[in-house]
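Working notes for the structure below.
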Amino acid sequence: MGFAEMDSGILFGLITMTSWGIWIILGNAASESIDPRTAAAISYLVAGLLALGFIVVSDASLAVTARGGLLAGAAGLFTGTGLISMYIGFSQGSTTTVSTLGAMYFVVAAIIGMVVLGDEVTITKFIGIAFAGLSIVLITR
């Protein structure tokens, strides 16, 4: 990976982190103002329209294979489930707890990657996952 690629990855990672952090706070406020299920639906409706608009103005391919469409649809199913769960969680628990647990999705992805997809299991990855688990305990107390 070249230096320019690394920089753009970091840039977009930072944009993602910041956007999702703000999304959590605004989603929590919305869930306190209206039914959390309605807030979740509005949030994803706007996100869906933004994604469709991006497809229109970019050079994105509209070609969809059966496998790719099925996988993207399944990903959307899990995304929607997580979104609705998060908004309902905001109405029943603290923003700190719900957002911290939700933000640990990378641990689930890392474990699936190692157990199911055959990604290399290293002591460094194991320690990273253990620290992530410890961070949940520390932040939610």
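Helical runs (DSSP H, four residues minimum) scored at -39500 (n - 2.57) apiece and divided by the length of the chain put the mean residue ellipticity at 222 nm at -28000 deg cm²/dmol.
Within the chain, which complete DSSP H helices have Cα atoms spanning at least 30 Å along the helix axis and a mean Kyte-Doolittle hydropathy of 0.0 or higher? Length and hydropathy pass: 3-33, 36-57, 66-92. Atom-type composition of the exposed protein surface of the chain places 74 percent of the accessible area on carbon and sulfur (1.4 angstrom probe). If I take R0 = 30 Å and measure r between the Cβ atoms of I34 and A75 in this structure, what FRET efficiency does the formula 1/(1 + (r/R0)^6) give, to the nearest 0.05? That pair, I34 with A75, gives E of 0.65. Heavy atoms of the protein chains alone define the surface here; on that basis the chain has 73 Å² accessible area per residue at 1.4 Å probe size.
Counting only protein heavy atoms and using a 1.4 Å probe, the accessible area of D7 comes to about 70 Å². Which of A66, A103, A75 ends up with the largest GNM mean-square fluctuation for the chain, with Cα atoms connected below 10 Å? Ranking A66, A103, A75 by mean-square fluctuation puts A66 first.
Distance distribution P(r), the stretch 35-100, all Cα-Cα pairs, bin width 5 angstrom from 0: 3, 15, 17, 21, 18, 11, 9, 5, 1 percent. Calculated FRET efficiency, L117 to D59, Cβ-Cβ distance, R0 = 30 Å: about 0.50 to the nearest 0.05.
Per q in 0.12, 0.16 1/Å, what log10 I(q)/I(0) does a Debye calculation on the alpha-carbon atoms of the chain return? For the requested q values the scattering log ratios are -0.68, -1.18. In the chain, Cα pairs under 8 Å separated by at least six residues give a relative contact order of 28 percent. A straight chain from F12 to F106 at 0.36 nm per residue would run longer than the Cα-Cα distance by 32.2 nm.
The values are calculated or read from the model by the stated rules, or taken from the named source; none is laboratory data. All figures in this text were calculated on a predicted structure; none of them were measured in a lab. Reconstructed Cβ throughout: ideal geometry from the backbone, glycine too, with neighbour counts over all protein chains shown. When the accessible area is computed, the model is the full protein with side chains, heavy atoms only, and any ligands, DNA or RNA have been set aside. Shrake-Rupley method; radii C 1.70, N 1.55, O 1.52, S 1.80 Å.
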